[in-house]
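Have a look at the structure below before the remarks.
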Amino acid sequence: MRHWALFLLLAIGCNIWQIEAEFFTSIGQMTDLIYVEKDLVKSLKEYIKAEESKLTEIKSWAEKMDQLTHISTSDPEGYLGHPVNAYKLMKRLNTDWLKLENLVLQQTSDAFIANLSIQRENFPTDEDESGAAKALMRLQDTYRLDSESISKGKLPGAQHAAFLTVEDCFELGKIAYNDGDYYHTVLWMQQTLRQLEEGEPSVVTQAEALDYLSYSVYQMGDMHRAIELTKRLIAVDPTHLRAKSNLHYFKKLLLEEGQSDQRMDEEFYQSQSKKEVDMRPDNYISERDSYEALCRGEGIKMTTRRQSRLFCRYHNNNNHPRLIIAPIKEEDEWDSPHIVRYHEMLSDAEIEKIKEIAKPMLARATVRDPKTGVLTVANYRVSKSAWLADDEDPVVNRVNKRIADITGLEMETAELLQVANYGVGGQYEPHFDFSRRPFDSNLATLGNRLATFLNYMSDVPAGGATVFPDFGAAIYPKKGTSVFWYNLFKSGEGDYRTRHAACPVLVGSKWVSNKWIHERGQEFKRPCGLTEVD
């Protein structure tokens, strides 16, 4: 056995040596290596070409982003004040930069990827991108903007050019669709088709847009138009199985309703395909009409007679020591309930300091659940806020003292100075500042919110007004000024006329700070009235 094994090993060894010798000395066999090497060189060139193409794309992206960030960083708040820019920033950081990350994910780019991966922890999420999209749609509704105006960035007061691509419009439509918002799906899929028909190049196809549009129109209850759009979808893509199934289903529903499939001629059909849907969704809250109208500057009930009762004056609060030499300028904004504006309340330096302190502390603003009393976020209040105590900085203490001097009210029981920033579509829908019966348990010590002192810390190019739907007033932000009103009658009963709202910011960034002044400590500063509504 051993001999046979030894013979076998020798035989194998000889064969290996023979193969190796022939391999390295045979020109015929070595020519195969030439072609192998040629194939390797070809593959290397393809790799280099692919790398160069990738680098060209990355370089083009870098140059585009360099120009964009140069513009955006020159005036960050002004740039982000345009809601289209704010939405596209969310979209870029959540989607486009991720695509770039995948593009450059190679060993030679470890440093960049590591940095990008670290930075992505602070990037917007899908929820943030969706929120920005919904904010655009909220602005679209409140200010009655058509999709084309938004897409082309034609907004009042906008300082920076901005536009939406076909892909952007399509993504807005998809976000609305996924949220069950067929009304806005229709609006943005129509805009997608409009821009495709105008010849804008895009990876989005007409069939994709028509697929969403036809079904959303059906969900909105327009069966005839859903059929026509589905027919158009089939004409564009005859292999679209779902469209054929939907068409059969839509026609069946019409027959069950006793209606016929009326064919429209081409001219009428084309007008329908470009038609901007103007109906509100079924769950639209009609009571918001007056609030939204005031936000647009409509329905303001300022009459000549009322205007004649409004005056400007120097206010020193009964010769208050700190206001004798430097009284503040007071202007009547409304007669009943009495709302006043104080001019030059805050200096630019004070405003910047307050913003500087508040920025790191900003968090999503909350409201108190009337049933549970627990603070929670709500979709009707979209802003970020921070609470500043007197000892945060001398500026905060100084501003609080100034509020006390002007109003003559006690600040010991007042809430901390709340700083709020309203960004894209930021709003606070109609609400009362005071608590209604039964009162929250936290009011047992401090009492109800007697008065509101609201400081405007920025100008707002468009939108952002403070409106009072009950009596049709709109007060517009003006940097450095403040408005003041009482939420309660002297009897302690709530003044329901003071229900107010912060309109969505259309263009710009709205900064405000407010002081809610409570009842306790005001007994001798604002005595009770003789009647319930004094």
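The values are calculated or read from the model by the stated rules, or taken from the named source; none is laboratory data. All of these numbers come straight from a predicted model, not from anything done at the bench. Don't worry about glycine lacking a Cβ; one is built from the backbone with ideal geometry, like all the others, and counts go over all protein chains shown. Remember, those area values only see protein heavy atoms, side chains included, never the ligands or the DNA or RNA. Shrake-Rupley method; radii C 1.70, N 1.55, O 1.52, S 1.80 Å.
If we keep just the residues of the stretch 135-151 that are touching a residue at least 12 places away in the same chain (Cβ under 8 Å) and not in a helix (DSSP H, G or I), which is least open to solvent (accessible area, probe 1.4 Å)?
Within the stretch 135-151, the first condition is being touching a residue at least 12 places away in the same chain (Cβ under 8 Å), and the residues that meet it are 135-144, 146-148, 150-151.
In the following step, the residues that additionally are not in a helix (DSSP H, G or I) were identified as 143-144, 146.
Numbers: Tyr143: 29, Arg144: 154, Asp146: 66 Å².
Among those that are touching a residue at least 12 places away in the same chain (Cβ under 8 Å) and not in a helix (DSSP H, G or I), it is Tyr143.
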Taking Gln191, is it polar (S, T, N, Q) and modelled with pLDDT under 95? no
Within the stretch 119-134, restricting to residues that are part of a helix (DSSP H, G or I) and among the hydrophobic types (A, V, I, L, M, F, W, C), the one that is modelled with the highest pLDDT is Ala133
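Restricting attention to the stretch 152-168, which residues are in a helix (DSSP H, G or I) and under 17 Å from Val424 (Cβ atoms)?
Initial filter on the stretch 152-168 (in a helix (DSSP H, G or I)): 166-168.
Across the stretch 152-168, the qualifying residue is only Asp168.
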Practice item. Kindly indicate whether any position in the stretch 402-414 is open to solvent by 50 Å² or more (accessible area, probe 1.4 Å) and within 17 Å of Ala349 (Cα to Cα). Key: yes
Taking the stretch 475-534 and keeping only residues that are without any contact (Cβ under 8 Å) to a residue 60 or more places away in the chain and in contact with a helix residue (DSSP H, G or I) (Cβ under 7 Å, 6 or more places away or on another chain), one is left with Asn487
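Here's the yes/no breakdown for (1) touching a helix residue (DSSP H, G or I) at 6+ places or on another chain (Cβ under 7 Å); (2) open to solvent by 50 Å² or more (accessible area, probe 1.4 Å); (3) modelled with pLDDT under 95:
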| position | (1), (2), (3) |
| --- | --- |
| Arg263 | no, yes, yes |
| Phe268 | no, yes, yes |
| Asp282 | no, yes, yes |
| Arg305 | no, yes, yes |
| Phe311 | no, yes, no |
| Leu323 | yes, no, no |
| Ile328 | yes, no, no |
Based on this model, can you work out whether Tyr177 counts as open to solvent by 60 Å² or more (accessible area, probe 1.4 Å), in a helix (DSSP H, G or I), under 21 Å from Val236 (Cα atoms) and at pLDDT 95 or above? no
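Any idea which of Val395, Val399, Val424 is open to solvent by less than 40 Å² (accessible area, probe 1.4 Å) and closer than 27 Å to Gly297 by Cβ? Full working, then the answer.
Numbers: Val395 fails: closer than 27 Å to Gly297 by Cβ; Val399 fails: closer than 27 Å to Gly297 by Cβ.
Going through Val395, Val399, Val424 in turn, the sole match is Val424.
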Selection from the stretch 491-524 of residues touching a strand residue (DSSP E or B) at 6+ places or on another chain (Cβ under 9 Å), of a type in the set (Ser, Thr, Tyr) and not in a loop (DSSP other than H, G, I, E, B) yields Thr498, Ser513
When every residue in the stretch 207-228 that is under 25 Å from the mean Cα position of the chain (by Cα) and under 23 Å from Phe163 (Cα atoms) is compared, the one surrounded by the fewest Cβ atoms within 10 Å (Cβ to Cβ) is Tyr212
Expected output for the stretch 43-62 (first residue in a helix (DSSP H, G or I), partner loosely packed, with under 10 Cβ neighbours inside 10 Å, Cβ below 9 Å, 6+ apart or cross-chain) is Glu51/Thr108
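Assess whether Phe453 counts as being in a strand (DSSP E or B), open to solvent by less than 10 Å² (accessible area, probe 1.4 Å), touching a residue at least 24 places away in the same chain (Cβ under 8 Å) and within 18 Å of His431 (Cα to Cα). Steps first, please.
Working: in a strand (DSSP E or B): yes; open to solvent by less than 10 Å² (accessible area, probe 1.4 Å): yes; touching a residue at least 24 places away in the same chain (Cβ under 8 Å): yes; within 18 Å of His431 (Cα to Cα): yes.
It is true that Phe453 is in a strand (DSSP E or B), open to solvent by less than 10 Å² (accessible area, probe 1.4 Å), touching a residue at least 24 places away in the same chain (Cβ under 8 Å) and within 18 Å of His431 (Cα to Cα).
Consider Val204 carefully, then state whether it is closer than 21 Å to Gln140 by Cα, at pLDDT 95 or above and either open to solvent by less than 30 Å² (accessible area, probe 1.4 Å) or part of a loop (DSSP other than H, G, I, E, B) (or both). Write out each step before concluding.
Values: closer than 21 Å to Gln140 by Cα: no; at pLDDT 95 or above: yes; either open to solvent by less than 30 Å² (accessible area, probe 1.4 Å) or part of a loop (DSSP other than H, G, I, E, B) (or both): yes.
The answer is no for Val204.
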Taking the stretch 160-189 and keeping residues over 16 Å from the mean Cα position of the chain (by Cα) and closer than 21 Å to Arg296 by Cβ leaves Tyr183, Leu187
task: Examine the stretch 368-384 for a residue that is modelled with pLDDT of 95 or more and open to solvent by less than 40 Å² (accessible area, probe 1.4 Å), and state whether such a residue exists.
output: no
Picked from the stretch 463-516 (must be under 15 Å from Val340 (Cα atoms) and of a type in the set (S, T, N, Q)), the residue surrounded by the most Cβ atoms within 10 Å (Cβ to Cβ) is Ser482
- Please indicate, with yes or no, whether at least one residue in the stretch 233-250 is at pLDDT 95 or above, outside any loop (DSSP other than H, G, I, E, B), open to solvent by less than 40 Å² (accessible area, probe 1.4 Å) and touching a helix residue (DSSP H, G or I) at 6+ places or on another chain (Cβ under 9 Å). yes
Of the residues in the stretch 475-490, those that are in a loop (DSSP other than H, G, I, E, B) and over 18 Å from Ser347 (Cβ atoms) number 4
Conditions (1) farther than 25 Å from Glu292 by Cα; (2) in contact (Cβ under 8 Å) with a residue 60 or more places away in the chain; (3) part of a loop (DSSP other than H, G, I, E, B); (4) not aliphatic (A, V, I, L, M) -> Glu171 fails only (3)
* Quick one: is Pro438 at pLDDT below 95 and in contact with a Pro (Cβ under 8 Å, 6 or more places away or on another chain)? -> no
